[in-house]
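One structure is given here, and the rest of the page talks about it.
The values are calculated or read from the model by the stated rules, or taken from the named source; none is laboratory data. All of these numbers come straight from a predicted model, not from anything done at the bench. No Cβ is skipped: glycine too gets one built from the backbone with ideal geometry, and neighbour counts run over all protein chains shown. Accessible surface areas use protein heavy atoms only, side chains included; no ligands, DNA or RNA. Shrake-Rupley method; radii C 1.70, N 1.55, O 1.52, S 1.80 Å.
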Amino acid sequence: RTAAYARLSVENGGHETEDSLHTQILQIHNYIRENPELTLTDTYADNGFTGTRFDRPEFERMMQDVRTGKIQCIVVKDLSRFGRDYIETGNYLECTFPFMGVRFISINDGYDSDDYKGTTGGLEVVMRSIIYAAYSKDLSVKTTSAKIQMMKQGKYVGGYAPYGYVLHPTIRNKLAVD
C-alpha cells in the first residue's frame, strides 16, 4: 500500500506553478505503475508549504495513515519535496520509517530504503539533505533582501492593498488611490 507525496513551496519566486505540482504527481504515479510490487493507495499534496517544517496538512494526514497501517510505502519525486530540514528528514529516514516498517523511495535521488536496511543510504543522502537545507536558507535570505531593496525604492511589497488603495492595474508593485 503506497502513498504518493508531493509538495510545492511558498518561497518559489513565482517559478513553480500548479502544473509543476501536477507534474510531480504524474511522475510518482508513473513510477508506482511501473513497479508492480507497489499499489497506489492515496495521493497527498501540500501546495504552498515550505519544506523546512513538517506541520503541513497533507503530510500530517499521510503520517496518520502510516500510523494506522493504511500506508506501508511512501514515494516522492526527490528528498527536497519531502523536506528541507536535514535533521528532521534524517530522523524520518533513520528512525521513524524503519520503526514503523515503512519503505521510502525518492525517485530522482535513486534512493530506496529497501536497498539500505538500517541506514539512510550513507553519506550521499546525508549530504543531499544538508544541501537542500542550505539552499532553503539561502533562498530565504535572497527573498528577504530583494523585498527590502524594493521597499527602499518605494515599491509596495504587501499582498493586499490597504484600505483606500488598489494595486496599480499596469505597474507592478505600485499602489493607486481607490
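Restricting to segment 1-115, what percent of DSSP beta bridges are antiparallel, rounded to 5? Walk me through the intermediate numbers first.
Working: 2 of 17 bridges.
Looking only at bridges with both residues in segment 1-115, the antiparallel portion is about 10 percent.
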Excluding ligands, DNA and RNA, the carbon-plus-sulfur percentage of the accessible area of segment 26-105 with a 1.4 Å probe reads 50
Return a whole-number percent for the relative contact order of segment 27-71, with Cα pairs under 8 Å and 6 or more residues apart as the contact set. 28
In nm, to one decimal, how far is the modelled label at GLN64 from the one at THR39, with both set 7 Å along Cα→Cβ? 2.3
Show me the ranking of peptides 145-155, 32-42, 63-73 by mean Cβ neighbours inside 10 Å, starting with the highest. 63-73, 32-42, 145-155
Amide H neighbours of LEU175 under 5 Å, at least 5 residues apart or on other chains, H built in the peptide plane: list them. TYR156, HIS168
